[in-house]
1. Where the centroid of each part is defined by its Cα atoms, how far is the range 46-122 from the range 22-38 in Å?
2. Enumerate the residues in the range 77-114 having an amide nitrogen under 19 Å from the point lying 7 Å beyond the Cα of A33 toward its Cβ.
3. Simple spin-label model, 7 Å along Cα-to-Cβ: D85 to L51 in nm?
4. For labels at Q105 and L22 in the simple 7 Å Cα→Cβ model, what's the distance in nm?
5. Given the options A54, A116, T75, identify the residue whose Cα lies farthest towards the positive end of the charge dipole of the chain (+1 on Cβ of Lys, Arg; -1 on Cβ of Asp, Glu).
6. Assign unit charges at the C-beta atoms only (+1 for Lys and Arg, -1 for Asp and Glu), then state the dipole size of the chain relative to its Cα centre in Debye, rounded to the nearest 20.
7. Got a sec? How would E68, E119 order by Cβ neighbour count within 10 Å, fewest to most?
8. What is the extension gain from D43 to F130, computed as 0.36 nm multiplied by their sequence separation minus the C-alpha to C-alpha distance, in nm to one decimal?
Amino acid sequence: MGTEDYIYDMKIEPDELDLEWLDQPKLMVKYSAKLAEAKERRDLMKEEVDLIKAELDRDIREDPEKFELQKITETAVMNCILTQDDYKDAQEQLRRANYDVNVLQGVVSAVEQRKAALENMVRLLGQNYFAGPAIPRDLQEEMLLKQKDSNKKVKMKRRT
């Protein structure tokens with residue numbers, strides 16, 4: 001899933017707040033599940049790295065000449081492990097798995113922010129924030145018109 005997909009899911013239609021609220025739990029479940037899957041992949045990759053490291057450690061100690069080691073020390077064995085392609089590949093896959101977890105943690109956080117935004121938009125809606133613009137009243141004009149109307153109703157008596 002690309003960043004555009006995540007961004008699309010975070011959009012809110014202000015005119016469809018009811019539908020947006022119905023989608024909110026689905027988004028949380030969707031991305032929480034994806035995060036859990038990514039964490040599982042990362043944990044499996046950690047185990048794979050540890051397994052490869054242990055196997056390489058054993059192989060190096062059993063046949064140091066095969067790995068061009070003159071002397072077996074902890075530092076020499078560890079440095080030799082770090083240079084092996086299998087170990088480097090597994091480490092790269094672990095880095096990618098960690099990246100996926102970090103991205104999905106950000107997306108789950110964004111879904112939580114979306115919920116807060118929806119709550120605030122509903123509050124604003126209750127305060128008629130989204131209502132059309134009101135024409136400001138000119139109270140002086142209204143008072144003058146009212147006086148003129150009341151003056152018309154009063155009949156003046158002429159003195160004779």
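Coordinate-derived values only; no laboratory data. Fair warning: this is a prediction, and the values are worked out from it, not measured in the lab. Here the Cβ positions follow ideal geometry from the backbone for every residue, glycine too, while neighbour counts run over all protein chains shown.
1. The two parts, judged by their Cα centres, are 25 Å apart.
2. 101, 104-112
3. For D85 paired with L51, the spin-label model returns 2.0 nm.
4. Label-label distance for Q105 and L22, simple model: 3.5 nm.
5. Highest projection toward the positive end goes to A116.
6. Details: 28 positive and 34 negative charges, 611 e Å.
Rounded to the nearest 20 debye, it is 2940 debye.
7. Values: E68 7, E119 12.
Going from sparsest to densest Cβ surroundings: E68, E119.
8. Working: separation 87, 0.36 × 87 = 31.32 nm, distance 4.74 nm.
Gain on stretching D43 to F130: 26.6 nm.
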